[in-house]
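Working notes, structure below.
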Amino acid sequence: MIRPEAVVFDLGKVLLDFDYAIAAKNLASHSGSKAEVIHKFINQSPLLFRYETGLMTTDEFFEEFRAETKFSGTAERFAELFGNIFTPMEPMIALHARLKQSKIPTFIFSNTNELGIRHIRGAHPFFAGFDGYIFSYEHGAMKPHTKLYEVVERITNRHGSQIVYIDDRPENIEAGAGRGWQVVLQESPEKTMAALSALGLPAN
């Protein structure tokens, strides 16, 4: 195995756990809709897909949500409640810190949205420590679309086995493997760290 030159991390379920049910419950307290209805509306929904693909602005996303759910709060309150769904996966954050200390370039590659990233930047200091960020909403495509993987190669200035990519979704991993990347399917932090150690990286 070739020792990778850069480590590319997915964000959700890799570095931060998340649960849209938290947002649904909190948003429901300001809405005319039940939490279960709001959860279906914001979790892997057509509306969220359009938002995370950059097909609508944050203001447009809020206005459509407000109209559909009768949300009575301000845009600022919505942003706070919608974004506050993340819990740090501490072993993975510690792993990133070890890679950074060893001067190994690290990158974030995520299907995500502006509100989520805004919240994470403010709430999770570790997030500032990466060498680059590739977000779906900024590039008009979502993983596993080929376009985004090309963006990763351009931003990292690496390709093929020079990249090791960690993600929790098999279809995203398969797309990276198809480009010759070394890949790790995240099943647990312990398995991920063992896989990186086997590639010669300082993961433990």
| region 43-125: C-alpha gyration tensor shape, a/c 1.5 cut-off, then a/b vs b/c | prolate
| query | Taking the Cα-to-Cβ direction at residue 103 and at residue 34 and moving 7 Å from each Cα, how far apart do the two end points lie in nm? | reply | 5.9 nm
| Solvent-accessible ranking of 130, 86, largest area first, probe 1.4 Å | 86, 130
| Label point 7 Å beyond Cα of residue 94 along Cβ direction - residues of region 1-29 with amide nitrogen under 17 Å | 14-17
| request: Using a 1.4 angstrom probe on the protein heavy atoms only, line up 59, 17 by accessible area, largest first. | output: 59, 17
| remark: FRET efficiency for residue 204 and residue 84 from the Cβ-Cβ distance with R0 = 35 Å, rounded to 0.05, comes out at 0.65
| Total formal charge among the other residues, if their Cβ is under 13 angstrom from that of residue 126, Lys/Arg +1 and Asp/Glu -1 | +2
| said: Restricting to DSSP H runs of at least four residues, report the calculated mean residue ellipticity at 222 nm for the chain, -39500 (n - 2.57) per run over all residues, nearest 500 deg cm²/dmol. | reply: -14000 deg cm²/dmol
| What accessible area per residue comes out for region 1-97, rounded to a whole number of Å², with a 1.4 Å probe? | 50 Å²
| field | DSSP loop trypsin sites (Lys or Arg not before Pro) with at most 13 other Cβ within 10 Å: longest gap in the chain | value | 104-204
| note | Neighbours of residue 191 by Cβ distance under 14 Å: Lys/Arg at +1, Asp/Glu at -1, summed charge -3
| query | If you rank 136, 29, 102, 161 by how much accessible surface each has, with a 1.4 Å probe, what is the order from largest down? | reply | 29, 102, 161, 136
| Residue with peak Gaussian network fluctuation, the chain [Cα springs, cutoff 10 Å], from 67, 79, 128 | 67
| said: Run the reach check for residue 34 against aspartates and glutamates, Cα to Cα strictly under 14 Å, same-chain hits fewer than 8 apart removed. What comes back? | reply: 68
| Pairwise label distance in nanometres, residue 145 with residue 133, each label 7 Å out on the Cα-Cβ vector | 1.9 nm
| What spacing in nm lies between the two simple spin-label points modelled at residue 168 and residue 49, each 7 Å away from Cα in the Cβ direction? | 2.1 nm
| 15 Å beta-carbon shell around residue 29, net charge (K/R +1, D/E -1) | +3
| Efficiency by 1/(1 + (r/R0)^6): what FRET value for residue 66 and residue 17, r their Cβ-Cβ distance, R0 = 35 Å, to the nearest 0.05? | 0.80
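The values are calculated or read from the model by the stated rules, or taken from the named source; none is laboratory data. Just so it is clear, the model here is predicted, and its values are computed rather than measured. As a convention, Cβ positions derive from the backbone with ideal geometry for all residues, glycine included, and neighbour counts pool all protein chains shown. All accessible areas refer to the heavy atoms of the entire protein, side chains included, with ligands and DNA or RNA removed. Shrake-Rupley method; radii C 1.70, N 1.55, O 1.52, S 1.80 Å.
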